[in-house]
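Quick notes on the structure that follows.
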Amino acid sequence: MSEATGPRPLSEPAQSGDPRLDALARVLAIVDRLRAPDGCPWDLEQTVASLAPSLVEEAHEAVESIDRAEDRHTAEELGDLFLVIALIGKVAEQEGRFGLATIGNAVAAKLIRRHPHVFGEIKVDSSAQALANWEKIKENERKSEQKDASALAGVPVALPALQRAARIAAKSVSAGFKWDDESGALAKLREEVGEFEEAYRTRASHPERAEEELGDVLLAAAFLGHYLGIDPEKAARASLGRFEQRFRRMEGEVGERLRSAPLAELMAAWERAKAATAKR
């Protein structure tokens, strides 16, 4: 009968003198320990596929902390995101597929390749020109690899709709499909609102058209956001935050009468909540 052994402590990696590298090395050492044969049962059960949803969850939590300007929580959430990436790399490495070295070298090569104005002889005068060069290089890479070479390629379908609209807007503008300035984008938004109003009046006989036109309004608003330097996804999140804050305040004032109070009373309470939560 073998003797029971206690926990095996973490073997701390040697210090490099660079606190960034030291911190990353410590995380990788922990991940290696978690995935060791005598590591954590839960971590040992994970696969690349099972960990994938955590990427989305942790990324959204990081974005939420960034929006709230909570630096301590942001650092924690970004750490959680890095942990998931490190775990995926470790699992894939153990399966003989790829590892963090492959991931790191691939992105390093890509960054150098797509920044010829930094690592090469190309000159740019603005961030817009740098972005246009980046998109052109990506397009050429896709052609050489016989992938989708459209100027709109590379935007994940699974992105939140407004975030995807912002990326599509940036790509289409970078490709040359653009208004001279934001006034053209604003006029397009007004045009789409007008078309929605027409579809709204005939929605009883053509309900699908109202949905299509409302979608066009939202898309046009996202495109206008690009011209104004406003992230539509971030703007929508902020607007939802304000709505929830004001609704909860109104709800607290009206209490159990929320479902039975006349609209005029609710709107008056809403305006008071709006005034109370307005930024000074």
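Of the residues A221, A165, A204, A235, only one is of a type in the set (A, V, I, L, M) and within 22 Å of A278 (Cα to Cα); which?
Working: A221 fails: within 22 Å of A278 (Cα to Cα); A165 fails: within 22 Å of A278 (Cα to Cα); A204 fails: within 22 Å of A278 (Cα to Cα).
Criteria check complete, one pass: A235.
Taking region 203-218 only, how many residues are closer than 13 Å to A161 by Cβ and touching a helix residue (DSSP H, G or I) at 6+ places or on another chain (Cβ under 6 Å)?
3
Only one of R20, R35 is of a type in the set (D, E, K, R) and either surrounded by 10 or more Cβ atoms within 10 Å (Cβ to Cβ) or in contact with an Asp or Glu (Cβ under 6 Å, 6 or more places away or on another chain) (or both). Can you tell me which?
R35
Restricting attention to region 57-79, report how many residues are farther than 18 Å from V31 by Cα and either of a type in the set (G, A, S) or surrounded by 12 or more Cβ atoms within 10 Å (Cβ to Cβ) (or both).
Here is the first cut: in region 57-79, the residues farther than 18 Å from V31 by Cα are 57, 59-75.
With the extra rule that they be either of a type in the set (G, A, S) or surrounded by 12 or more Cβ atoms within 10 Å (Cβ to Cβ) (or both), the set shrinks to 57, 59-67, 69-70, 73-75.
Selection size over region 57-79: 15.
Pairs only if they're at least six apart or on different chains, beta carbon under 6 angstrom, first in region 130-157 and under 17 Å from V173 (Cβ atoms), second hydrophobic (A, V, I, L, M, F, W, C) and not in a helix (DSSP H, G or I); list them, first residue then second.
As it stands, the answer is A130/V124; E139/A149; A151/A175, since those pairs meet every condition given.
If you scan region 165-197, which residues turn out to be farther than 13 Å from A132 by Cα, of a type in the set (D, E, K, R) and in a helix (DSSP H, G or I)?
R167, E182, K188, R190, E191, E192, E195, E197
Kindly indicate whether any position in region 57-70 is of a type in the set (S, T, N, Q), under 30 Å from E233 (Cα atoms) and modelled with pLDDT under 95.
Among the residues of region 57-70, at least one is of a type in the set (S, T, N, Q), under 30 Å from E233 (Cα atoms) and modelled with pLDDT under 95, which makes the answer yes.
Starting from residues that are in a helix (DSSP H, G or I) and among the charged types (D, E, K, R), keep the ones in region 86-132 and report whichever is nearest to the chain's Cα centre (by Cα). Outline the logic, then answer.
Step one: of region 86-132, the residues in a helix (DSSP H, G or I) are 86-94, 100-113, 116-119, 127-132.
Those still in the list that are among the charged types (D, E, K, R) too: 90, 93, 110, 113.
Values: K90: 24, E93: 26, K110: 20, R113: 24 Å.
Out of the qualifying residues, it is K110.
Taking the criterion of being of a type in the set (G, A, S) and under 21 Å from S174 (Cα atoms), would at least one residue in region 223-236 satisfy it?
yes
Just to verify a result, which residue in region 80-100, among those that are farther than 15 Å from D43 by Cβ and without any contact (Cβ under 8 Å) to a residue 12 or more places away in the chain, is surrounded by the fewest Cβ atoms within 10 Å (Cβ to Cβ)?
Within region 80-100, the match that is surrounded by the fewest Cβ atoms within 10 Å (Cβ to Cβ) is G96.
One residue is enough: does region 35-54 have a residue meeting the conditions at positive phi and either under 28 Å from the mean Cα position of the chain (by Cα) or touching a residue at least 40 places away in the same chain (Cβ under 8 Å) (or both)?
No, region 35-54 contains no residue that is at positive phi and either under 28 Å from the mean Cα position of the chain (by Cα) or touching a residue at least 40 places away in the same chain (Cβ under 8 Å) (or both).
The values are calculated or read from the model by the stated rules, or taken from the named source; none is laboratory data. Just so it is clear, the structure is predicted and the values come from calculations on it, not from any experiment. Using ideal geometry, Cβ is built from the backbone for each residue, glycine included, and neighbour counts are taken over all protein chains shown.
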